[in-house]
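Worksheet: the structure to be examined is printed underneath.
Nothing in this text is a laboratory measurement; each read-out follows from the coordinates by a stated rule. Bear in mind the structure is a predicted one, so any value in this text is a computation, not a measurement. No Cβ is skipped: glycine too gets one built from the backbone with ideal geometry, and neighbour counts run over all protein chains shown.
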Amino acid sequence: MSDAQPPRQAIRTLQARKRIALIAHDGKKSEMLEWATRWKDTLSQHELIGTGTTSKRLKTALGLEVEGLMSGPLGGDQQIGARIAEQRLDVLIFFWDPFSPQPHDPDVKALLRLAALWNVPVACNAASADFVLSSPYLSESYDMSIPDAAAWAQARTV
Ligand SMILES: O=C(CO)COP(=O)(O)O
């Protein structure tokens with residue numbers, strides 16, 4: 001077991017207009033479309049990004065503006081993870097499929113780890129996504145605690 005962890009926390013302020021990632025595994029894509037249809041007006045007030053196929057489906061079916069990254073199995077989850085590490089993502093809505101093993105399972109796990117690490121709000125199903133989108137914090141600025149990366153680098157002696 002390692003006791004290596006960031007020695008203290010820093011504050012990160014999220015702006016009122018959030019950067020929201022939308023991702024759904026194939027078995028969950030229709031559920032995501034149904035959910036996003038219900039929340040279309042709210043979603044359109046924020047900046048949306050998504051993995052390749054999910055973003056394409058949302059754009060085509062709902063006419064939402066969504067920045068499309070790579071498809072998940074081709075590295076899309078890792079691209080979203082990079083946005084989290086760079087503090088360029090505020091909310092993650094990820095309908096992952098508990099019934100289908102994915103070829104890129106390690107990428108999925110890595111993405112969820114980074115979201116947990118950087119204190120990014122995550123919803124992994126429609127009910128939790130309803131809670132996140134109906135939160136008053138979604139349309140306000142919000143101060144959250146994140147690991148202090150500079151203090152971590154300084155404290156490392158290995
Ligand atoms: O596989 C995914 C997330 O792990 C989603 O990728 P697509 O949106 O390209 O289907």
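A few remarks follow.
- Considered as an equivalent ellipsoid built on the Cα gyration tensor, segment 19-135 has semi-axes of 19, 16, 14 Å, the largest given first.
- Simple spin-label estimate for E34 and S135 gives 2.5 nm between the two label positions (7 Å along the Cα-to-Cβ direction from each Cα).
- Once the C-beta distance of A16 and F99 is scaled by a Förster radius of 41 Å, the resulting FRET efficiency is 0.65 to the nearest 0.05.
- Taking all Cα pairs closer than 8 Å and separated by 6 or more residues, the relative contact order of segment 1-143 comes to 32 percent.
- Taking 0.36 nm per residue of separation and subtracting the Cα-Cα distance, full extension of the segment from E67 to L117 would add 15.6 nm.
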